[in-house]
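The values are calculated or read from the model by the stated rules, or taken from the named source; none is laboratory data. All values reported here derive from a predicted model rather than from experimental measurement. So basically every Cβ, Gly included, is an ideal-geometry build from the backbone, and we count neighbours across all protein chains shown. The accessibility values were calculated without ligands, DNA or RNA, using every heavy atom of the protein model including side chains. Shrake-Rupley method; radii C 1.70, N 1.55, O 1.52, S 1.80 Å.
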Amino acid sequence: MARVVVHADKAAAAQAVAVVIRDLVVAKAKAGQTAVLGLATGSTPLPLYAELIRLHREEGLSFRNVVTFNLDEYEGLSGDHDQSYRYFMEQNLFRSLDIRPENTHVPAGTATDHVRTCADYEASIQAAGGIDLQVLGIGRTGHIGFNEPPSARDSRTRRVHLDEVTRRDNSVFFGDLARVPHGALTMGVGTIMEARQIELLAFGSSKAEIVRRAYCEKPNADCPATWLQLHPACTFHLDPLSDSEL
Ligand code: F6R
């Protein structure tokens, strides 16, 4: 069963998760090892990324021994498109840290051979030793990464079709629904479930209903986040609003 922690607000949640990441990065560095982080985009992790930048700037936390793998990328968007997730990560995190650019991975949205690209992404995660800690948000469809319903427990990194609810939700960033891609490349549920530790963040009343379903429904493909109940080390970090239906 996933653990639930209700924080005073999203800033407090971000701070708590940043401390968990800091401790992992420091412990790995002390052991002469690399910390492998799985990262998410969207509005939810922004306060977490701001806090990681603060820890780097004000407390000297180094990301030189960190390798990152992002969950997903829109199909057809190159890294310099201002709505691509590569661009989002550069703007909101990577450019403000001392992370080595070659240690940051985001699926290639412009790849034409999806099957090969996705298999290579899985292979790079394996080659890095697997993901130590995966950061997740949750979509109102119950998606984690872009694993829209239905997504099987053992699904792997692949090309997916975005749900219309997700396209509408994300159209605020694109300014126009017509500009939101219909497809994406995403780590699979099975890929995510192999992370040794998972920290899911969900804030605000718009997430209350899906948080309740994710936590309370029997694990099922129609609400992919329910699979997280089967993970041995998964924590849901909520604020009082997203917790309101639990
Ligand atoms: C983003 C991702 C998605 C988002 C979800 C919530 O990389 O994989 O699952 O976490 O769509 O998005 P926000 O945080 O914008 O509500």
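The Kirkwood hydrodynamic radius of region 111-157, based on inverse pair distances between different Cα atoms, is 12.4 Å. In the chain, helical runs assigned H by DSSP with n ≥ 4 each contribute -39500 (n - 2.57); averaged across all residues and rounded to the nearest 500, the mean residue ellipticity at 222 nm is -10500 deg cm²/dmol. The HN-Hα couplings worked out from phi for region 228-239 by the Karplus form 6.51 cos²θ - 1.76 cosθ + 1.60 (θ = phi - 60°) are 4, 4, 8, 7, x, 9, 10, 10, 9, 9, 10, 10 Hz, whole numbers, x standing for Gly and Pro. On a per residue basis, region 3-238 carries 42 Å² of accessible surface, using protein heavy atoms and a 1.4 Å probe. Taken over region 1-98, the convex hull of the Cα atoms encloses 122 Å³ per residue. The GluC sites (Glu not before Pro) of region 188-226 meeting both criteria, a DSSP state outside H, G, I, E and B (loop) and at most 15 other C-beta atoms within 10 angstrom of the site's C-beta, are Glu217.
Please state, as a whole number in µm²/s, the translational diffusion coefficient that the Stokes-Einstein equation yields for region 111-195 at 25 °C and 0.890 mPa s, with Rh defined as the Kirkwood radius across alpha carbon pairs. For the chosen part, D equals 179 µm²/s.
Taken as entire DSSP H runs, the helices of the chain that both span 20 Å or more between Cα atoms along their own long axis and average 0.5 or more on the Kyte-Doolittle scale are 10-30.
List the pair-distance distribution P(r) of the chain, using every Cα-Cα distance, as the percent of pairs falling in each 10 Å bin from 0 up to the bin containing the longest distance, rounded to whole percents. Answer for the chain: a P(r) of 8, 34, 39, 18, 1 percent. Scattering from region 133-246 was approximated by placing one identical point on each alpha carbon and applying the Debye formula without solvent; log10 I(q)/I(0) at 0.12, 0.18, 0.21 1/Å stands at -0.39, -0.89, -1.17.
Residues Cys216, Cys223, ordered by accessible area of protein heavy atoms at a 1.4 angstrom probe radius and largest first, appear as Cys216, Cys223.
Only beta bridges with both residues in region 3-238 are counted; by DSSP, about 25 percent of them are antiparallel.
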